[in-house]
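The values are calculated or read from the model by the stated rules, or taken from the named source; none is laboratory data. As the structure is a prediction and not an experimental result, all values here were calculated from the model. As a convention, Cβ positions derive from the backbone with ideal geometry for all residues, glycine included, and neighbour counts pool all protein chains shown. Surface areas here come from the heavy atoms of the whole protein model, side chains and all, with no ligands, DNA or RNA. Shrake-Rupley method; radii C 1.70, N 1.55, O 1.52, S 1.80 Å.
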Amino acid sequence: MEAEKQLKQWIEESSNIVFFGGAGVSTESGIPDFRSQDGLYHQQYDYPPEQILSHTFYMKNPEEFYRFYRNKMLAPGAKPNKAHLALAKLEREGRLKAVITQNIDGLHQAAGSREVLELHGSVHRNHCLRCGKFYGLEAIENSSGIPRCSCGGMIKPDVVLYEEGLDMDVLNRAVGYISRADLLIVGGTSLTVYPAAGLIDYYRGHKLVLINRDATALDSRADLVISGKIGEVLGEACGL
Ligand code: NAD
């Protein structure tokens, strides 16, 4: 309880909060993460998820990629939870400057957050590999098999697959926000996916808070570790 009180106080004192999160931010909205007990990596498929979600696999076996992607990566009807809502509230109050996320589900924007840096892209943006035409999420949801452009080209989601690089502009902006933050809240991430996890190295302050259900490899670096569900913890800290 002491730790939760400390978090609340730091939030109230701060006008330059940055949040950095991962899949655990959306589990309370019903979207599974990758690495915890009931996460995707513990379920059985013909191939491991990191192989299916790789660039090579997408190019060689798009039909199977899209079967997995539609079943496991899209979450129709998912709604923002208290974690998303609390962060949007902090931004409205002028305390929080940016949400940096590894998630691709668009739930921060659905909650009302405006400055959202999506390190790994978004399921809401898709492009034709041949002519570059843009498609929204409905083009994937309302098609079956391999979604095709009106020109016949294959449509690819703008999500960063394994073997693909991150958008340097987004990454640089994330570094800027983190290096200027006075309070950095990191939550719902196992901090094992690089280069995203390396971002916390750019933080120069003394209020690094980690909120996660399970321990992470970087707990010892934090000034405050809160073990719990992020929706409950942030909801409580922000009076939701
Ligand atoms: P991860 O699956 O590796 O780890 C999730 C972490 O969140 C775990 O440590 C778990 O203990 C914790 N967690 C789960 N539920 C929580 C809760 N309610 N409160 C607090 N902590 C909770 O996730 P990652 O580090 O983000 O990396 C996985 C990669 O997979 C990301 O790069 C992301 O792009 C992608 N991914 C995205 C989504 C999404 O968009 N919702 C979902 C799954 C995976």
Task: For region 156-234, average projected area of the Cα convex hull in nm² - done: 6.1
Task: Residues residue 47 and residue 2, FRET efficiency given R0 of 41 Å [Cβ-Cβ distance, rounded to 0.05] - done: 0.35
Open item on the list: Per 0.36 nm of contour for each residue apart, how much would the distance between residue 71 and residue 137 grow if the chain were fully extended, relative to their Cα-Cα spacing?
Closed with: 22.4 nm
Task: Cα-based Kirkwood hydrodynamic radius, the chain, one decimal, Å - done: 18.5
Task: Among 140, 226, 85 - extreme Cα towards positive end, dipole of the chain, charges at beta-carbon - done: 140
- [ ] Quantify, in whole percent, the carbon and sulfur part of the accessible surface of region 61-219 (1.4 Å probe; protein heavy atoms only).
- [x] 50
- [ ] Could you pull out the pairs from 89/133; 72/229; 60/229 whose alpha carbons sit more than 30 Å apart here?
- [x] 89/133; 60/229
Task: Per residue value of the accessible surface for the chain (all protein chains in place, 1.4 Å probe), Å² - done: 48
